Amino acid sequence: MQVKILYISKKLSQMEPEKSIALRPRFEETSSKSSTAILEKAKLLKKELIADYQIKIIDDHIYFYFSKHKRTYYSPFLQIELEANEDQTTTVKGLFGPEQLLWTFFMFLHFIIAGVFLVFAMMAYTHWSLNQPMGFDFTMMGLMVIFWFALYFIARENRKKCIPQMHDLEDLMRLVIH
């Protein structure tokens, strides 16, 4: 099954996360299958590909993960939502994202940096209104801006590392929806 997935990767890959600014790329497409047929195909593949992938099905949502032995800290997951249309087709809305724990950690760091930035901005305003030196306050605010950019570029670098895995998950999704 792995050979077939790699072959499809070269033929059908339409996502281009390399050119996207978003850290969590989204997409939407239409499948000619009904949502019930897609869910049945996902259940079938879940059993066949258990060695390489984990597939979780919750209502009309399907989550694609790599198995524990293929997963790294930057490995992506793919979540798709199925919306049935009146003409027996299905709209598939997808979201690539990093591992939830890593994303939560990055968001935590962003909030800490934003909080420190705001504290030093308030201190700078207070020092300015009291005619006191503000150099340290502006230095810390500048460092927080640098840290914000550093976090963004670290996330971009991690996404660049996981692009081959994103294409593998996309191929797996295409096996399910087409």
Report, to the nearest 10°, how far helix 2-12 tilts away from the longest principal axis of the Cα atoms in the chain, using its own Cα long axis and a range of 0 to 90°. 70 degrees
The chain: calculated mean residue ellipticity at 222 nm from DSSP helix runs of at least 4, using -39500 (n - 2.57): -19500 deg cm²/dmol
Between Lys56 and Phe138, the FRET efficiency computed from the C-beta separation at R0 = 45 Å comes out, to the nearest 0.05, as 0.40
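Multiply the residue gap between Trp103 and Thr72 by 0.36 nm, knock off their C-alpha separation, and tell me the result in nm, one decimal place. Walk me through the numbers on the way to the answer.
Values: separation 31, 0.36 × 31 = 11.16 nm, distance 1.38 nm.
Taking 0.36 nm per residue and subtracting the Cα distance, the gain is 9.8 nm.
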When only the heavy atoms of the protein chains count and the probe is 1.4 Å, how do Tyr74, Tyr65 rank by accessible area, highest first? Tyr74, Tyr65
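Hey, what did the chain get for relative contact order, percent, Cα under 8 Å, at least 6 apart?
Values: 222 pairs, mean separation 52.4, N = 178.
Worked out over the chain, it gives 29 percent.
The values are calculated or read from the model by the stated rules, or taken from the named source; none is laboratory data. The structure presented is a predicted model; accordingly, all values stated were derived computationally and were not measured. Backbone-built Cβ (ideal geometry, glycine too); neighbour counts: all protein chains shown. Accessible surface areas use protein heavy atoms only, side chains included; no ligands, DNA or RNA. Shrake-Rupley method; radii C 1.70, N 1.55, O 1.52, S 1.80 Å.
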